[in-house]
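First up is the structure itself, then whatever we jot down about it.
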Amino acid sequence: MQNKKSKRANRVLVVGSGLGGIRAAIDLAEAGREVVVVESATHPGGLMTQLDRTFPTDNCDLCSILPRLSANGWRRRIELLTMTRPTSVKGEAGRFTVSLTSSPRYIDLEKCTACGECLRKMPECVRFAPGLNFFSPTCMRYPQASPQAFSIEMEQCADPGLLVKSCPANAIVLHDGEKTREEVFGSIILAHGAEVFDPSGTGSLGYGQHPDIVTSLEYERLLSSSGPTQGKLVRPSNGRQPSKIAWILCVGSRGLREHHETYCSSACCMFALKEIIVTKERFRKDIDACVFYMDMRTSGKDHELYYLRAREELGVRFVRCRTRNLIHNDKTSRLSITYLPDRDSRVDRRLRHGGSFHRFQNLRERPQAGANHGCRA
Ligand SMILES: Cc1cc2nc3c(=O)[nH]c(=O)nc-3n(C[C@H](O)[C@H](O)[C@H](O)COP(=O)(O)OP(=O)(O)OC[C@H]3O[C@@H](n4cnc5c(N)ncnc54)[C@H](O)[C@@H]3O)c2cc1C
Ligand code: SF4
C-alpha cells in the first residue's frame, strides 16, 4: 500500500485556460498542488477575453478576468504553456504520462518587449484572429495578454528575412519548430470549453454572403473597446451605425439538419439579451432590436428579470418563430427575414430590416482534448 502511494504523482494537468481552467488551477495551487496548464491558443483566457460585457451584471469582461490572467496573477505553483496541447495520454488515475506538444511561436519570449514593430511593419506575418478577420488596434489578442508577446504566422509571411530585421530586440526565431515533451501527472482536468458554431454552412441565412450578417462573437468584438472598431457600433458594410438589429437565436442548435446540434447550448438566450441591453443602453435607446427565437430559456437566478427588462423597459420585440431565410436586396441594401410564426405556421411572414445587422449565436460542445481540432477563437 505504502509503495503504491509513493508512485502517485502529485502534479495536476489542466487542459484549457479559459475561466474554468484558470479557476481550477488557482484552487489547486492554493491547496498546495503543482499545476501545469496547457493552452492551445497563443494566450490564456479562452472565450471570455473576446467578449465585451458579462451577463447578468453587465460588468466589463476583461476587468473581471484580467486580474486572474496577468503575469502576477499566476501563482508560484502554476506553470502555463501556451500554444500547447496534450497529444497522447498513457497510464491510469494517479499516474498519467502525457505528451505535450507545443507549436512554434517564432518569437523568443525572453527577448520580445511587445513593442509591436513587427506588427506595424509586417502585419501579414503576425497572428491575430478573434472575430471579423481584421486587426485589432490593440494588436495582441487582448491588452495585457500574458505572455506579453505576439506570435508569427510563418506561412503567411512573404519575406521572413525582412521580418527578422523589423524587430529591434532580435526576438524573431526563424527556425523555431514543434516541440514535444513527456510529463507525469496524478490527475488531469479537461477544461477545454466550447467551440463556436460556424454558420457558413447555413446558406439560407446568408452568413458569409453579406458583411452585415455577423455571429454573436463577432458582434461582441464590435462592441468591445479592444476590438477592431474600438467599441464603435458600426455596420461592417458602410461604417455607419445601424438603426435596426435582428438577433436570430438557436442557429446550429436544437436542429435535426446535418452539422447542427440537437441540444440547447443553454447560454445563447442570455448573451443575446445582454448584447441587446448593452447596445440599447450604450448607443441609442431607439435602435430597433428584434429577437427571433424558439423558446426563451432564462433558467438562472434573476435571469427572467433580465429578459423582462429587455422586453418591458427597453421595448425589445420578441418574435417566436422558425426563421426561414435572409434576403439581401441589392437595390435598397436592405436585409429581410422570412419566418414561420409560432401561432399560424401556414403563414409565411416577412419582416424587413432596413440595413440592419443579423446575428447568429451558438456554442457547441468541444471535442475531446487532444483531438485534432483548433480553437476557433
Ligand atoms: C458570444 C458569447 C457571449 C457570451 N457571453 C457570456 C456572458 O455574458 N456571461 C457569461 O457568463 N458567459 C458568456 N458566454 C459563455 C462564456 O464565454 C463561457 O461560459 C466561458 O468562456 C466558458 O469558460 P471555459 O473555461 O469553460 O471555456 P473557454 O472559454 O472556451 O476556454 C477553453 C480554453 O481551452 C483551450 N483549449 C481547447 N482545446 C484545447 C486543447 N486540446 N489543448 C489545450 N487547450 C485547449 C481553448 O483554446 C480555450 O482557451 C458567452 C459566450 C459567447 C460565445
Ligand atoms: S518587434 Fe520584436 S520585440 Fe517588438 S513585438 Fe515584435 S517580436 Fe517583440
If amide H atoms are modeled at 1.01 Å from N in the peptide plane, then the residues at a separation of 5 or more from residue 291, or on another chain, having amide H under 5 Å from its own are 247, 317, 318, 319
Here, residue 178 and residue 304, labelled 7 Å along Cα→Cβ, have an inter-label distance in nm of 5.2 nm
Phi-derived 3J(HN,Hα) across segment 159-170 with the Karplus relation (6.51, -1.76, 1.60, θ = phi - 60°), rounded Hz, x for Gly and Pro, is 10, x, x, 5, 4, 4, 5, 5, 8, x, 9, 6
From the cross-link list 274/301; 232/331; 232/301; 232/274; 244/285, the entries with a Cα-Cα span beyond 23 Å are 232/331; 232/301
Counting only residues 5 or more apart in sequence or on a different chain, those whose built amide H sits under 5 Å from that of residue 34 are 12
Rounded to 0.05, the calculated FRET efficiency for the beta carbons of residue 58 and residue 23 at R₀ = 22 Å is 0.55
Summing +1 per Lys or Arg and -1 per Asp or Glu among the other residues with Cβ less than 11 Å from residue 61's Cβ gives -1
For residue 53, other-chain or 5+-apart residues with amide H closer than 5 Å (H placed, Pro excluded) are 61
The extension gain from residue 319 to residue 164, computed as 0.36 nm times the residue separation minus the Cα-Cα distance, is 50.3 nm
Scalar couplings 3J(HN,Hα) for segment 18-23 by Karplus 6.51 cos²θ - 1.76 cosθ + 1.60 (θ = phi - 60°), nearest whole Hz, x for Gly and Pro, are x, 4, x, x, 5, 4
Treating only Lys and Arg (+1) and Asp and Glu (-1) as charged, each at its beta carbon, one finds that segment 159-241 has a dipole about its Cα centre, in Debye to the nearest 20, of 460 debye
Note, residue 175: beta-carbon cut-off 13 Å, +1 each Lys/Arg, -1 each Asp/Glu, net -1
Going fewest to most other Cβ atoms within 10 Å around each Cβ, 172, 65, 287 line up as 287, 65, 172
For residue 148, placing the label point 7 angstrom along Cα-to-beta-carbon and taking segment 96-126, residues whose amide nitrogen sits under 19 Å are 107-120
HN-Hα couplings for segment 294-302 via Karplus (6.51, -1.76, 1.60; θ = phi - 60°), in whole Hz with x for Gly/Pro, come out as 9, 9, 9, 9, 10, 7, x, 4, 6
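Rule-based calculations on the coordinates, nothing more; no lab input. Quantities reported herein were computed from a predicted structural model and do not represent experimental measurements. Don't worry about glycine lacking a Cβ; one is built from the backbone with ideal geometry, like all the others, and counts go over all protein chains shown.
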